[in-house]
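Below is one structure, written out as structure tokens; comments come after it.
The values are calculated or read from the model by the stated rules, or taken from the named source; none is laboratory data. Treat the numbers as computed from the prediction; the structure is a model and nothing was measured. Ideal geometry is used to build each Cβ from the backbone, glycine not excepted, and the neighbour counts take in all protein chains shown. Only protein heavy atoms, including side chains, enter the accessible area calculation; ligands, DNA and RNA are left aside. Shrake-Rupley method; radii C 1.70, N 1.55, O 1.52, S 1.80 Å.
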Amino acid sequence: MKRAIALLVLLQLAAVFGVLGLSYVTGQGIILTYADRLTQRIARDTTAFTTEFLTPAADAALLTRRLARSQVLATADRDRLARYFFEILQTRSDFSGLYLGRPDGSFTFVSRDEDPATAPFSVKQVMTRPGREVTLVGVDARFVPRNPRTDPDDDYDPRTRPWYVAAARQDGVAWTAPYVFFTSRRPGITVSAPVTGGINGEFRGVVGVDIEIDALSAFLETLDISARGAAAIVAQDGTIIAHRDPELLVPAEGDSLRLATLADGDDPILARAADSIEGGIDDLFPGEIRLARFQAGGETWRGAVQRLPLERTPWTVMIYLPEADILGPLSGLVRRAAALGLIAAALTVFVLVVFGRRMLRG
């Protein structure tokens, strides 16, 4: 009798745990496949958001170029140009500044956030003829001037800046690498384009649009990936452009700031994810997406990486999360099912023993 009971219990346990094991293996494969698709979808959505975030700046630069070429907008008319830049800033909250640098070193620059209470915008004019003079004036939401002043110590020369040099060498849009803006002390990029005009298409300067990229980090913070999952946007040289941690600035030489890089080690998981890409992140072609699986911190991690489709912005979106976050719910379900199986086996033994004793007495 005891052997029969033991055999029945063993068969029941074998059936329960066999089904559980098969279900776990099958469910694990299904969930991991779903997780891969989920990370790819998040990477695509983030890539699309970033592309849409950057495209208007290039459009604004090209529009200014076309208006100047068609003589609708006179680049020599500083006041009219400043008003034009101001109107663009009024409609594009993601732009932090627009400006035009000219071949003679003169400069027209309109930016936001001088004094949000009374003069939320600032106009800077650098004039080099007949003599050098730098004027600064705040303007309110109706372009009424406030607090005009001069700055004799300002030696800014647009012709030496990377955005000017890059655009002057080519006939299209140029993108700078991410850097910390001098005025706002915030990370951003500059989109620039050469401006020509007249019958002979003479070079009249370079128009630039500044975009602060804090909004990209804010967007990444809203992504619901997993308990420990995260997303980042990384430049080809390893500069971290956007991250769930908005503190992207680290001290550089002197009192300056710079953007953090993968080499700084602030996010070792992100650095390991970048290293797991065969050929490195600079091996991705525009728009390409790849899945990643790597070991970090004693755990297995999964993710997806996608290069932005824009040729001149070699940035990569990276999504990564630990497998434990993916398989955690399945593991919990299996543990609960195993506990129920053990309880069922114990009840089976109890019932068989009770009925077995009654049968033996009868």
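Annotations
- Of all residues making up the stretch 85-95, the number that are surrounded by fewer than 22 Cβ atoms within 10 Å (Cβ to Cβ) and in contact (Cβ under 8 Å) with a residue 12 or more places away in the chain: 6
- Filter result (open to solvent by 30 Å² or more (accessible area, probe 1.4 Å), assigned to a strand (DSSP E or B) and in contact (Cβ under 8 Å) with a residue 60 or more places away in the chain) within the stretch 194-247: Phe203, Arg204, Glu212
- Screening Ala324 against (1) over 24 Å from Thr190 (Cα atoms); (2) modelled with pLDDT of 85 or more; (3) of a type in the set (A, V, I, L, M, F, W, C); (4) open to solvent by 20 Å² or more (accessible area, probe 1.4 Å) leaves a single unmet condition, (2).
- Output for the stretch 43-84, where each listed residue is under 19 Å from Phe143 (Cβ atoms) and not β-branched (Val, Ile, Thr): Ala60, Leu67, Leu73, Ala74, Asp77, Arg78, Asp79, Arg80, Leu81, Ala82, Arg83, Tyr84
- When the test is whether a residue is in a loop (DSSP other than H, G, I, E, B), modelled with pLDDT of 90 or more and among the acidic types (Asp, Glu), Asp104 passes it.
- Pairs linking a residue in the stretch 52-75 that is farther than 16 Å from Trp175 by Cα to a residue that is small (Gly, Ala, Ser) and modelled with pLDDT under 80, with Cβ atoms under 6 Å and 6 or more positions apart or on different chains, are Ala68/Gly197; Arg69/Gly197.
- Residue ID - nearest to Leu100 (Cα to Cα), chosen from residues in the stretch 162-191 that are hydroxyl-bearing (Ser, Thr, Tyr) and open to solvent by 10 Å² or more (accessible area, probe 1.4 Å): Tyr164
- Residues that are surrounded by fewer than 16 Cβ atoms within 10 Å (Cβ to Cβ), in contact with a strand residue (DSSP E or B) (Cβ under 8 Å, 6 or more places away or on another chain) and of a type in the set (A, V, I, L, M) do occur in the stretch 121-144.
- Within the span defined as the stretch 217-237, every residue fails to be under 23 Å from Leu81 (Cβ atoms) and aromatic (Phe, Trp, Tyr).
- Thr190 within 30 Å of Pro322 (Cα to Cα) and not basic (Lys, Arg): no
- Among the residues listed as Ala60, Ala43, the single one being touching a Lys or Arg at 6+ places or on another chain (Cβ under 8 Å), open to solvent by less than 70 Å² (accessible area, probe 1.4 Å) and assigned to a helix (DSSP H, G or I): Ala60
- Taken over the stretch 33-64, the criterion of being within 19 Å of Thr300 (Cβ to Cβ) and basic (Lys, Arg) is satisfied by Arg37 alone.
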